[in-house]
1. Only counting other Cβ atoms within 10 Å, I'd like T90, T47 sorted with the fewest neighbours first.
2. Mind ranking 100-111, 6-17 by how tightly packed they are, going by the mean number of other C-beta atoms within 10 angstrom, highest first?
3. Please label the shape of the chain as rounded, prolate or oblate, based on the square roots a ≥ b ≥ c of the eigenvalues of the alpha-carbon gyration tensor (a/c under 1.5 means rounded; beyond that, a/b larger than b/c means prolate, else oblate).
4. Between the stretch 55-99 and the stretch 107-138, what is the separation of their alpha carbon centroids in Å?
5. Expressed in nm to one decimal, what extension gain is obtained for the pair L111 and A76 from 0.36 nm per residue of sequence separation less their Cα-Cα distance?
6. Mean separation of Cα pairs under 8 Å and 6+ residues apart, divided by the residue count of the chain: what relative contact order is that in percent?
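Derivation of every value follows stated rules applied to the coordinates shown; laboratory data play no part. All figures in this text were calculated on a predicted structure; none of them were measured in a lab. When we count neighbours, we look across all protein chains shown, and the Cβ atoms used for this are built from the backbone with ideal geometry, even at glycine.
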Amino acid sequence: MACVGGGAVVGGLGMAAFGGNLRGPRTAVRGAVLFGIVLAAFAVVDTVRATMVVLFLLGALQTVTIASMMTTIQSAVHDGMRGRVMSMVTVILFGFSTTGGLVAGIIGDHLTVPWALAWGGVVTAAVAVVLARSRTFT
């Protein structure tokens, strides 16, 4: 948990340091793809040190990706609808992560936890690429 937290702090400080250059749909898509790829690395890491690096990177990428997504959504939404939209985004974000945890646990029982996480990473990266290709980011 300390590695994830440390990565989140570094990701947040990086977002603050680079200002508006990193906030936007391109960063959100790239962050989601990289997050999926790094998550898939759980299938091949076999040492504590490598696991710590993966967790650190996941913390940083999660912070950068979510901050970029939230900035993009809030910039695109009409002022009068922002509160409603953000409440729905929060419900969806927490609802899907809870459901994803349940699915990953079931898959982890049948395979192994590292392989369940790896497949989750592959799905995350693939969905991000498909969604990015279906929408033009300027």
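1. Exposure proxy ranking, most exposed first: T47, T90.
2. Peptide ranking by packing, descending: 6-17, 100-111.
3. prolate
4. What the calculation gives is 18 Å, centre to centre.
5. 8.5 nm
6. Value for the chain: 38 percent.
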